[in-house]
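Values quoted throughout were computed directly from the atomic coordinates according to the rules given, and no laboratory measurement underlies them. Since the model is a prediction, treat every value here as computed from it, not as a measurement. A quick note on method: Cβ atoms are made from the backbone with ideal geometry, for glycine too, and the neighbour counts reach across all protein chains shown.
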């Protein structure tokens, strides 16, 4: 997956925005103010921090050692750092981004979730 594809995919979700709260080179993708993906798009290799169900996080790390690791500078129980530069299938990377978005949305208040459903 290229950096441009990753950015476009993250922004394709309802109410998703890109923000730069840390440094100009660190893209933070949010839904209604809540982080679901964090990446440095010009880094090589391209990696992205994604929220993950804790059990799935451990399973994915075991299935893809070195390519999916505990989230760098994140809560290791709930976040993985995923190498998205081609060694993992793009479909899996997209699925993990979507899962991250869905987990964040599931944690939003009901009124905000309903607003997303209508968007």
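One table, with the values for the structure above:
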item	result
Tail fraction, Cα-Cα pairs, the chain, threshold 17 Å, whole percent	52
Relative contact order for the chain, counting Cα pairs under 8 Å that sit 6 or more residues apart, in percent	24
Simple spin-label estimate for residue 53 and residue 26 in nanometres, 7 Å along Cα-Cβ	2.9
Modelled FRET efficiency - R0 25 Å, residue 98 with residue 77, Cβ distances, 0.05 increments	0.80
Theoretical gain in end-to-end length, residue 87 to residue 63 [0.36 nm per residue, Cα-Cα removed]	7.3 nm
Backbone N within region 45-76 under 12 Å of label point (7 Å from residue 5 Cα along the Cβ vector)	none
Simple label model, 7 Å out from Cα along Cβ direction - residue 17 to residue 40, nm	2.5
Helix axis angle, 54-63 relative to the chain longest principal axis, alpha carbon, degrees	30
